[in-house]
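A short write-up of the structure that comes next.
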Amino acid sequence: MKKFVGILFIFTFSLILFACKKVDTELLTVPTEKVNVNFSIADFNLVNDEGKEWVSFNVIAETSVQLNVEFDLSYVYYHEQGAYIDASLTSLASFDGRINRGTNLLDFKIELKEENYDDYIYIKLENNSDKYNYIIFKMVDKSLISIALDVLSKDANNEIAKKIDDTINTIDVSSIEMSIDYDNKKVQALGAGYVLNADFSDDYIIVEIVFSSKAHLTNDFDKLAIKVNNESAKGNLYIDNNKYYYKEEVEKTNTDVIINSISLTFDYLKHSEEIKKAEYTALMSNPEYNKITITITLNSGYVFSSDLSLTINDKNIDKSLYKIDNSVLTYIFDDPNWSGFY
């Protein structure tokens, strides 16, 4: 009985060993007939890794059987499309490994530097072995800007792609051109590479110029040509706190005179007092000798400046203490001579 069991064990073990050997042999067998392996280079991306910038991509291998493949990858950056570049190729990788039946994605990457942003990249994949009955030869070339724009279409926040786009697709700014609607207080940029934010006052128009990241100034900012409404501008450019501005003085007409300062002297011991000028009429009212009201009413054709300087009885009055409603200024304060009842 023991002998029978031993024979049975050896027979079973032999079957298992044969089966394993057969499967392993099948996996390692090199196809004797031509195997169709389709290779392509695709899925380009721009990534940061190891503190460097890289162009990453996939070698896509498609086959109907599982087998070993060997191929070499080489590349070169170049500036003139159509140039003879095979002699300048740099070896990237040599692949010798198993691929599965179906589609296989093999990851590779090439270091990228800013000096390459304006270049094309040429990648060549070829089989240098005659061990198998198929031929591999594939190449692709793409401009870095086309890769960047494709990446941005999928990921608008990719920093490398944005840098390449800003570097290559620069907008040369040789002048600042704008339209100003003085009546409706609106400003619009007529040139490319910048947007405008305007602040209108009675005396000046100040326009902040915000440049696009792609803008490239062809001259110092304050030396750029300026046009307003397609004519030479009357104002000037200047820089303040690292911001860029255009400033133009508002033209005044004979019926639109700006009042920049007013100086008055009243006798607070009076119930009322009136001062008439060509520009305005000022009235002081103090009926109870405790609360003084001063009103300044402008005559037709005059307007208060936004930076009005008001002096009453040799005292400069802060603008927060009075209010202006159209052409009337009102200032109310306690009579300095009022002492109250005892």
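The values are calculated or read from the model by the stated rules, or taken from the named source; none is laboratory data. This is a predicted model, so every value here is computed, not measured. Here the Cβ is made from the backbone with ideal geometry for all residues, glycine too, and neighbour counts use every protein chain on show. Side chains included, ligands, DNA and RNA excluded: accessible areas come from the protein's heavy atoms. Shrake-Rupley method; radii C 1.70, N 1.55, O 1.52, S 1.80 Å.
Residue 241 versus (1) open to solvent by less than 90 Å² (accessible area, probe 1.4 Å); (2) out of contact with any Leu (no Cβ under 9 Å at 6 or more places or on another chain): which is the lone unmet condition?
Only one criterion is unmet by residue 241, namely (1).
Just one of 333, 304 is in contact with a helix residue (DSSP H, G or I) (Cβ under 8 Å, 6 or more places away or on another chain) and either surrounded by 15 or more Cβ atoms within 10 Å (Cβ to Cβ) or among the hydrophobic types (A, V, I, L, M, F, W, C) (or both); which is it?
Exactly one residue qualifies, and that residue is 333.
Could you name every one of the strands (runs of 3 or more DSSP E) located completely within the range 112-225 that has at least 3 residues being within 30 Å of residue 36 (Cα to Cα) and not acidic (Asp, Glu)?
Fully inside the range 112-225 and qualifying: 120-126, 137-143.
From 318, 222, which residue is of a type in the set (Asp, Glu), farther than 30 Å from residue 190 by Cα and open to solvent by 70 Å² or more (accessible area, probe 1.4 Å)?
Working: 222 fails: farther than 30 Å from residue 190 by Cα.
None of the others qualify; the one that does is 318.
What number goes with the only condition from (1) exposed (fewer than 15 other Cβ atoms within 10 Å of the Cβ); (2) over 27 Å from residue 199 (Cα atoms); (3) without any contact (Cβ under 8 Å) to a residue 12 or more places away in the chain that residue 273 does not pass?
In the conditions (1) exposed (fewer than 15 other Cβ atoms within 10 Å of the Cβ); (2) over 27 Å from residue 199 (Cα atoms); (3) without any contact (Cβ under 8 Å) to a residue 12 or more places away in the chain, residue 273 misses (1) alone.
What number of residues in the range 261-286 are part of a loop (DSSP other than H, G, I, E, B) and among the basic types (Lys, Arg)?
2
What residue, of 6, 82, is surrounded by fewer than 11 Cβ atoms within 10 Å (Cβ to Cβ) and at pLDDT 50 or above?
That would be 82, the only listed residue that is surrounded by fewer than 11 Cβ atoms within 10 Å (Cβ to Cβ) and at pLDDT 50 or above.
Scan the range 197-217 and report the pairs whose first residue is within 13 Å of residue 178 (Cβ to Cβ) and modelled with pLDDT of 90 or more and whose second residue is β-branched (Val, Ile, Thr) and surrounded by 13 or more Cβ atoms within 10 Å (Cβ to Cβ), with Cβ atoms within less than 6 Å and a gap of 6+ or a chain change.
198/187; 198/207; 207/187
So residue 186 clears everything in (1) more than 19 Å from residue 77 (Cα to Cα); (2) modelled with pLDDT under 90; (3) open to solvent by 70 Å² or more (accessible area, probe 1.4 Å) except one condition, right? Which one?
(2)
Exactly one of (1) at pLDDT below 90; (2) out of contact with any Asp or Glu (no Cβ under 9 Å at 6 or more places or on another chain) is unmet by residue 115. Its number?
(1)
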